[in-house]
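What follows is a single structure, written as structure tokens, with notes after it.
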């Protein structure tokens, strides 16, 4: 049985032909394809203005991103075999990159599974489904995961604002199997307790793994300030590598409590102190008290979640970097990162340049980083690239 058809307006197929997977609602020819005829999550064939089939997608007529392509083939059957094939491909890449089963297994569009993110913590999987089209096929996904990996537990994390845009429930998480506590992973030579249910997003942030290892490699004997420290993914490997002392600052009691537990788990609690504070307030006070640090890690949460928030978010990033440079010791190192897709690499570059000049410091980039290999970037989908990191050496003005 053929799927219903969705016709695009003239010249609105260019982005899809170049490899993107999204169709926006204003690109659809609503005379040929009235949106009210589709139910959220329906499978459809997408056609260009001349009637050429572009592929199979799922649709949500109530969303700005109205359809997301699943295949370049038409009438593709989307069942457990489809998921198993895509998951097998995703797993193949991760197993080439990592020796242990701790990584992002599925990264949405880049793995051909739009609306789906899966983080793997050994035998436990943490999943975020953010679209109706994917939610309706959750049972097929479960079957494929159980056949492929036989996980001891699968947690569906529903506390995500993107789900609201699709009309999905955000109230409670769902657990399939038995989630044993504590859940411990390994990364960069350290062990970490992961709180899937109480933590942010899927419970852990794998994306900065390589940059965190790089930081640890030059932390020996130095004083480190870890801002927005969360549960210690930057600071604990640095402590294990010989950092003299580390100060972790975060506004969350739960995050700092877990970071403290992680410090004890790795035997570095004597090197670390944990401060609950708004980071802006902490930096202002540190400047007033002439506190200086040899290395500062500035890895805030996304401060620009929507394009319309750019101006306010840009100013927040500028202030954070400016304040951080003011409490950096002579010949210190600043690791400055942003996970906001709407803040470009060039934007962060300019923030650092202007901040350095404003306080009359010589600032150079000695390394740059981005998201790890388990967050692969699709060159046709700019939205899959979001993480940028500059390693800065800061000295007296020339």
Quiz item: Given 357, 361, which one is touching a helix residue (DSSP H, G or I) at 6+ places or on another chain (Cβ under 7 Å) and either under 24 Å from residue 22 (Cα atoms) or without any contact (Cβ under 8 Å) to a residue 40 or more places away in the chain (or both)?
Solution: 361
Quiz item: Does residue 228 fit the bill of being without any contact (Cβ under 8 Å) to a residue 60 or more places away in the chain, under 18 Å from the mean Cα position of the chain (by Cα) and surrounded by 17 or more Cβ atoms within 10 Å (Cβ to Cβ)?
Solution: no
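Tell me which residues, restricted to the range 306-336, are in contact (Cβ under 8 Å) with a residue 60 or more places away in the chain and under 19 Å from the mean Cα position of the chain (by Cα).
Of the residues in the range 306-336, the ones in contact (Cβ under 8 Å) with a residue 60 or more places away in the chain are 320, 324-325, 327-335.
Result: 335, single match.
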Practice problem: Tell me which of these residue 291 doesn't satisfy, since it passes every other one: (1) buried (at least 18 other Cβ atoms within 10 Å of the Cβ); (2) not in a strand (DSSP E or B). | Solution: (1)
Quiz item: For the range 122-134, which residues satisfy the criterion of being within 19 Å of residue 177 (Cβ to Cβ), in contact (Cβ under 8 Å) with a residue 40 or more places away in the chain and surrounded by fewer than 24 Cβ atoms within 10 Å (Cβ to Cβ)?
Solution: 122, 124, 128
Self-check item: Residues that are surrounded by 15 or more Cβ atoms within 10 Å (Cβ to Cβ), over 18 Å from residue 131 (Cβ atoms) and either in contact with a helix residue (DSSP H, G or I) (Cβ under 7 Å, 6 or more places away or on another chain) or modelled with pLDDT under 85 (or both), drawn from the range 155-191
Solution: 176, 187, 188, 190
Exercise. Report yes if residue 324 is exposed (fewer than 15 other Cβ atoms within 10 Å of the Cβ), in contact with a helix residue (DSSP H, G or I) (Cβ under 9 Å, 6 or more places away or on another chain) and at pLDDT 95 or above, otherwise no.
Key: no
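How about the range 269-288: which of its residues are without any contact (Cβ under 8 Å) to a residue 24 or more places away in the chain and surrounded by 15 or more Cβ atoms within 10 Å (Cβ to Cβ)? Walk me through it before giving the result.
Step one: of the range 269-288, the residues without any contact (Cβ under 8 Å) to a residue 24 or more places away in the chain are 269-270, 281, 285, 288.
Passing the criteria: only 269.
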Self-check item: Hits in the range 359-380 (condition: within 13 Å of residue 110 (Cα to Cα) and more than 15 Å from the chain's Cα centre (by Cα))
Solution: 379, 380
Quiz prompt | Which numbered condition residue 171 misses (of (1) more than 28 Å from residue 210 (Cα to Cα); (2) in contact (Cβ under 8 Å) with a residue 60 or more places away in the chain) | solution = (2)
Exercise. For the range 327-355, enumerate the residues that are farther than 22 Å from residue 310 by Cβ and surrounded by 20 or more Cβ atoms within 10 Å (Cβ to Cβ).
Key: 327, 328, 332, 333, 334, 335
Quiz item: Does residue 345 count as at pLDDT 95 or above, in contact with a helix residue (DSSP H, G or I) (Cβ under 6 Å, 6 or more places away or on another chain) and either within 25 Å of residue 201 (Cβ to Cβ) or not assigned by TED's automatic domain parsing to the domain that holds residue 382 (or both)?
Solution: no
Self-check item: Evaluation of residue 138 against (1) touching a helix residue (DSSP H, G or I) at 6+ places or on another chain (Cβ under 7 Å); (2) without any contact (Cβ under 8 Å) to a residue 24 or more places away in the chain (one fails), failing number
Solution: (1)
Quiz item: If residue 75 passes every condition in (1) assigned to a loop (DSSP other than H, G, I, E, B); (2) within 20 Å of residue 179 (Cα to Cα) but one, which one does it miss?
Solution: (2)
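Of the residues 250, 207, 270, which is modelled with pLDDT of 95 or more, out of contact with any helix residue (DSSP H, G or I) (no Cβ under 6 Å at 6 or more places or on another chain) and under 29 Å from residue 104 (Cβ atoms)?
207
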Quiz item: So is residue 283 part of a strand (DSSP E or B), assigned by TED's automatic domain parsing to the domain that holds residue 302 and over 21 Å from residue 371 (Cβ atoms) or not?
Solution: no
Self-check item: Residue list for the range 2-45, restricted to those being more than 15 Å from residue 64 (Cβ to Cβ), in a helix (DSSP H, G or I) and without any contact (Cβ under 8 Å) to a residue 24 or more places away in the chain
Solution: 14
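The values are calculated or read from the model by the stated rules, or taken from the named source; none is laboratory data. What you are looking at is a predicted structure, and each value in this text was computed from that prediction instead of being measured. Reconstructed Cβ throughout: ideal geometry from the backbone, glycine too, with neighbour counts over all protein chains shown.
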